[in-house]
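Asker: Take this structure first; my questions come after.
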Amino acid sequence: MKTISQVLKENITGLCYYNRIILPFSAHFLKIIVESDIITDFSPSSKGIFIREKEDFTDIYFHEYKGLKSSISKYEAIKMVVVEKGKNIFNFDNHLKIALYLEDKHLVRIEKSDHDILFLE
Amino acid sequence: MYGKQFIQIVLVLILFFIFVDKLTANENVNDTTQVVTSDISEDSEFMHELPPVYMVAPFIVLLLMIATGPLFYHHFWERNYPKVAMVLGSITVIYYLAVLNDSHSLLHSLAEYFSFIALLGSLFVASGGILLRVNRKATPFVNVLFLLFGSIIANVIGTTGASMLLIRPFIKMNQNRIRPYHIIFFIFMVSNIGGALTPIGDPPLFLGFLRGVPFFWVLANVWYIWIPTLLVLLAVFYLFDSFNKGNASSDTEEFTGKIEFKGAKNLIFLTIIILSVFIDPAVLSWVPSLSPLPFGIREIIMLAVIYFSYKKADQEILKANEFDFEPIKEVAYLFIGIFMTMIPALQLIAHEANVLSDKLTAGVFYWATGSLSGFLDNAPTYLNFLSAAMGKYLLDVNLKSDVVEFVMHDDIYLRAISVAAVFFGSMTYIGNGPNFMVKSICERAGIKMPSFFTYMIKYSIPILIPIFLVVWLIFFR
């Protein structure tokens, strides 16, 4: 599995199928924002989200959305605060703000959050 | 998907109402058995029976659902609020058409809705193409200056324009120390109270202006209430903010102090919107009326601004602002439900106010207009109480000369109604259009906003009510 830094450096894209996002990295998830939904409950009983880590990718299912692409405008991003696996989660310097842009052909552009985008940890 | 459906529904409503309105107009004029004028409309010859009190139920249900939906059945509400608003609105519409035979009230309410959403939508889209970067360290004093600036500018570009333009820079500036109270005070001042000085500031004052209240009357008669209210609120905010130390990381951050402005061409669109506010047959006699259509030239200009400002906007700015039509879509759907379901409530209030007008004091006008403006749309509330106040002197709100005479005769009632309609809009998330949009933008940025009830219990009741009480004691008792 690639690290977040590798994915960002090599501009590797993820995938999106309806309510499922496939990310080419593994991470500890702290916060995800989709539209006005602020998700911080990643427990197995969470109704809104399900995260499953596979050998080569991470699956995220957004149960409350039928289709993410039709819900989110082209200027809007799914935002997340993540920590690289193996790094100290308690150190705020390791908290990365990532923006996911849903593009055509099921592609997901992964960017380190733009300075302009309003995104509060 | 919902956007197209929404336009189709609204078009069908317009055509249907116009058709029924034409069909029933003559009947209603000649029908002397019917009792009371419905609402305060341009055509006072349209007489209709009052709705029964239970017809307020759809409105109360809608308000309760707006209040409880995001709290207790968040996901059902997010998926179904358009249907809920439409279904509840339809109950009122069907009752008015089938039982009261009154399409005129519906058409009138639809016209007010069009003006409301055209202004809100155009300001939302035009300001979405503007990027303001304030590279300053947020301190309580800088925040106070920012909120003061927002409150003043709200009188020039409207509370909606000021809110949309300034909320993002305000969050950005405070990003290491942002708390819900920052946003709540922003809503109090920039989205509401700030805009109490000109008819452009807030829709009820604009309605008053259209009816004949001189443009600068509000400035001349409300400034000495506006200044102390705002100063007290700024002082309370300063206290709150002084206790907020924020994250330690903000201390190490370097600030250039620069203020950067991008998307200047959208200022032209904003100017067009503000100027178009005056393009009304009631203000400029050469402007043609498109009656019986429930919109005019002004609304057409505003819709054109929505189209062109979006098409011509800088893509990078839209991305930086994370531009999305969802916040305005939410307002459009909820408020068409609100505008339809509130017709019976407004008519009953108007009737009671007119019946009791002799006994009503300035204080009663202040509290009644205020408490209803917090939950109902403040524009028709303002107009209904203005009508009741003018009724004390046997003057008609539909006649411009009567309004002018009323203003000169005894302006304490108008002052009480104007102040209350604008100030109390900040009492709830639904008190004024921009409140809801500011909330939505903040949530998208990751700020956990208080629920409908928490907003009232924790902020508006303990902070605003004592201030409004003092305003009443000093100016309207």
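Asker: Grab the other residues whose beta carbon is less than 12 angstrom from that of residue B:183, score K and R as +1, D and E as -1, and report the net.
Answerer: Every neighbour counted, the sum reads +3.
Asker: Further question: Among B:346, B:269, B:97, which residue has its Cα furthest toward the positive end of the charge dipole of the protein assembly as shown, with +1 on Lys/Arg Cβ and -1 on Asp/Glu Cβ?
Answerer: Positive-most Cα among the choices belongs to B:269.
Asker: Another question, if that's okay. In debye to the nearest 20, how big a dipole does chain A give about its Cα centre with +1 on each Lys and Arg Cβ and -1 on each Asp and Glu Cβ?
Answerer: Roughly 220 debye for chain A.
Asker: Counting pairs of alpha carbon atoms under 8 Å apart in space and at least six apart in sequence, what relative contact order in percent does chain A give?
Answerer: 28 percent
Asker: Shifting gears a bit: Which of the lysines could be linked to residue A:66 by a straight reach, that is with a Cα gap under 16 Å, when you skip same-chain ones fewer than 8 residues away?
Answerer: Reachable lysines: A:47.
Asker: May I pose another question? Is the shape of the range A:26-75 rounded, prolate or oblate, going by the alpha carbon gyration tensor and its root eigenvalues a ≥ b ≥ c, with a/c under 1.5 for rounded and a/b larger than b/c for prolate?
Answerer: The shape class here is prolate.
Asker: Considering only DSSP states other than H, G, I, E and B, which GluC sites (Glu not before Pro) in the range A:29-83 qualify as loop sites with at most 12 other Cβ atoms within 10 Å?
Answerer: Passing sites in the range A:29-83 are A:55.
Asker: Where does the protein assembly as shown land on the Kirkwood hydrodynamic radius, alpha-carbon pairs, in angstrom?
Answerer: 25.4 Å
Asker: Pick out, from B:407, B:361, B:386, the residue whose Cα sits farthest towards the positive end of the charge dipole of the range B:323-413, with +1 on the Cβ of Lys and Arg and -1 on the Cβ of Asp and Glu.
Answerer: Farthest towards the positive pole: B:361.
Asker: Using a Gaussian network for chain A with springs between C-alpha atoms less than 10 Å apart, which of these wobbles most: A:56, A:93, A:41?
Answerer: A:93
Asker: So if I place +1 on the C-beta of Lys and Arg and -1 on the C-beta of Asp and Glu, and nothing else carries charge, what would the dipole magnitude of chain B be about its Cα centre? I want it in debye, nearest 20.
Answerer: Using Cβ point charges on Lys, Arg, Asp and Glu, chain B gives about 1880 debye.
Asker: Follow-up question, since we're still on this one. Over 29 Å between C-alpha atoms is what I'm after, so list which of A:2/B:311; A:97/B:245; A:2/B:448; A:74/B:172; A:54/B:83 land there.
Answerer: Cα-Cα > 29 Å for A:2/B:311; A:2/B:448; A:54/B:83; rest within.
Asker: Continuing with this model, one more query. Considering the options A:23, B:203, B:144, tell which one lies farthest towards the positive end of the dipole of the protein assembly as shown, charges being +1 on Lys and Arg and -1 on Asp and Glu at the Cβ, about the Cα centre.
Answerer: A:23
Asker: Give the relative contact order (percent, whole number) for chain B; include only Cα pairs under 8 Å separated by 6+ residues.
Answerer: Result for chain B is 23 percent.
Asker: Next up: Taking square-rooted eigenvalues a ≥ b ≥ c of the alpha carbon gyration tensor, is the range B:190-304 rounded, prolate or oblate, where a/c under 1.5 means rounded and, failing that, a/b exceeding b/c means prolate?
Answerer: Note, shape of the range B:190-304 comes out oblate.
Asker: Can you give me the C-alpha center-to-center distance between the range A:1-77 and the range B:395-421, rounded to a whole angstrom?
Answerer: 57 Å
Asker: Let me ask something else. Would you work out the relative contact order for the range B:386-477, in percent, from Cα pairs under 8 angstrom that are 6 or more residues apart?
Answerer: Answer for the range B:386-477 is 19 percent.
Asker: Determine ³J(HN,Hα), in whole Hz, for all residues of the range B:292-299 in sequence, where each value follows from phi through the Karplus function 6.51 cos²θ - 1.76 cosθ + 1.60 and θ = phi - 60°; x replaces Gly and Pro.
Answerer: x, 5, x, 8, x, 4, 4, 5
Asker: Right, next: Going by how many other Cβ atoms sit within 10 Å of their own, how do B:113, B:310 line up, fewest first?
Answerer: Ranking B:113, B:310 by Cβ neighbours within 10 Å, fewest first, gives B:310, B:113.
Asker: Over the residues of chain B, compute the C-alpha Rg and express it relative to 2.2 N^0.38 Å.
Answerer: Here the Cα radius of gyration is 0.96 times the empirical estimate.
Asker: Let me ask something additional. Rounded, prolate or oblate for chain A? Axes are the square roots of the Cα gyration tensor eigenvalues, ordered a ≥ b ≥ c, and the cut-off for rounded is a/c under 1.5.
Answerer: rounded
Asker: Among the listed pairs B:265/B:439; B:329/B:392; A:85/B:137, give every one whose C-alpha distance is greater than 29 Å.
Answerer: From B:265/B:439; B:329/B:392; A:85/B:137, over 29 Å: B:329/B:392; A:85/B:137.
Asker: For B:65, B:342, what's the fewest-to-most ordering of other Cβ within 10 Å of each Cβ?
Answerer: B:65, B:342
Bear in mind these aren't lab numbers, they're just calculated from the coordinates by the rules spelled out. Predicted model only: the values in this text are computed from it and were never measured. Cβ: placed from backbone, ideal geometry, glycine included. Neighbour counts: every protein chain shown.
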